[in-house]
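First comes the structure, then the notes that go with it.
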Amino acid sequence: MPINRQSIVRGPGTIKLGTLKLFDSAGIVAELNSATQELPSSLVGPMDTIKTDQTATIQFTPVGEVTADILAALFPHQSPNIGSSLFGSADVPAVVHSRAGVKVTFAAAALTSIPELRLSPVQTPFGQATLTAIVANGKTPDEANAVYKVETAPYADGEPDRTKILTGKAYTASWGSLDINDTAGGWTISFDLSTDPVNNDSQGTADMTLASLVVRARCQPLGLSESSLLAALPAAKARGSSVATANDLVITAEGGLTVTLKNAALVTGPVQWGNTTLRAGEIGFIAHRDATTGKLYEVALTPAQPAQENT
């Protein structure tokens, strides 16, 4: 039997992580992940399927608004506390609220995939982010609202503020004596966040532990000679020696972002020849934790320079 088209459920929404509002650029996907296992029998084969765990994921690409609060939420662990709880002592809810007026609240959420940073004049700065939701602290999955709840509530979250979306910024970088004043396609900063679930008998995944964080930056530089690029690579270091340096890689744009990779090392840098080939290929840096400050990386807004008065 056909349905009426007005009964088809669709449309956009917004996310709140705690009290922080996050607009998306291309949609939000939330998925309940119910892990299962079979109960085997050698006589008849699998007899049943039982549930073993309950989590959820929420994936979205931020629209590109940049504030200090958004940067703090999307780029945590700048001084990573390896071995610490990802969810902390108090639950932080993630709320997906549709413009149609239905609100889905996930009881306990944390960022488990840090978005790539795309530093280019013609791109918004953020890649895809992932939140993971688990059972509320002290509850079991079969309790009411322990994982999520759905309620009807008028939409009142407004719209993105286009004046806070960063585009049109040309980034330059410095690393020791090496300056990169232009690139063929901007900079990409990636964050490889590894977590390890903490399981118990009553809840399944009750927490996640921060296991490691690796931060890398890459670009295709313009204007670097063969000698400059090759000399910057660790080719002359002895086997087994450290490639970490005392130099921070600082990528910045006035009125945009400043991204710093601490104690960075240049680890990849192909040199290319061809009739239409740029001499330098895509080069790659990796960050190392600063032993004095504990910092691995920093992401911050760059203050705009004050306009000079005509005299």
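The values are calculated or read from the model by the stated rules, or taken from the named source; none is laboratory data. All figures in this text were calculated on a predicted structure; none of them were measured in a lab. All Cβ positions, even for glycine, are placed from backbone atoms using ideal geometry, and neighbour counts span all protein chains on display.
Quick notes on this one:
- Some residue of segment 286-296 being surrounded by 15 or more Cβ atoms within 10 Å (Cβ to Cβ) and outside any loop (DSSP other than H, G, I, E, B): yes
Condition check ((1) of a type in the set (A, V, I, L, M, F, W, C); (2) modelled with pLDDT under 95; (3) over 24 Å from Leu261 (Cα atoms)) across all residues:
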residue	(1), (2), (3)
Pro62	no, no, no
Val66	yes, no, no
Asp69	no, no, no
Ala73	yes, no, no
His77	no, no, no
Ile82	yes, no, no
Ser89	no, yes, yes
Val95	yes, no, yes
Val102	yes, no, yes
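- Only listed residue being surrounded by 12 or more Cβ atoms within 10 Å (Cβ to Cβ), outside the structural domain of Ile82 (by TED's automatic domain parsing) and over 24 Å from the mean Cα position of the chain (by Cα), chosen from Ser241, Ser228, Ser194: Ser228
- Scope segment 45-79; condition surrounded by fewer than 15 Cβ atoms within 10 Å (Cβ to Cβ), of a type in the set (S, T, N, Q) and more than 28 Å from Leu119 (Cα to Cα); matching residues: Thr49, Thr52
- Among the residues making up segment 269-290, those that are out of contact with any Pro (no Cβ under 8 Å at 6 or more places or on another chain) and modelled with pLDDT of 95 or more are Gly284, Phe285, Ile286, Ala287, His288, Asp290.
- Ile82 meets all of the listed conditions (1) in a loop (DSSP other than H, G, I, E, B); (2) in contact with a Leu (Cβ under 7 Å, 6 or more places away or on another chain); (3) in contact (Cβ under 8 Å) with a residue 60 or more places away in the chain; (4) buried (at least 17 other Cβ atoms within 10 Å of the Cβ) but one, namely (4).
- Test result for Thr61, in contact (Cβ under 8 Å) with a residue 24 or more places away in the chain and farther than 29 Å from Gly168 by Cα: no
- Residue tally, condition touching a Phe, Trp or Tyr at 6+ places or on another chain (Cβ under 9 Å), surrounded by 19 or more Cβ atoms within 10 Å (Cβ to Cβ) and either outside any strand (DSSP E or B) or of a type in the set (S, T, N, Q) (or both), over segment 261-276: 2
- Among residues of segment 182-207 that are free of Cβ contacts under 8 Å to residues at least 60 places away in the same chain and closer than 24 Å to Phe285 by Cβ, those with a beta-carbon under 7 Å from a residue that is part of a strand (DSSP E or B) and of a type in the set (Ser, Thr, Tyr) at least six positions away or on a different chain give the pairs Ser194/Ser212.
- Screening Thr188, Thr209 for residues that are surrounded by 15 or more Cβ atoms within 10 Å (Cβ to Cβ) and more than 18 Å from Arg118 (Cβ to Cβ) leaves exactly one candidate, Thr209.
- Count of segment 193-226 residues, restricted to those that are assigned to a strand (DSSP E or B), farther than 18 Å from Ser34 by Cβ and either at pLDDT below 95 or not basic (Lys, Arg) (or both), is 16.
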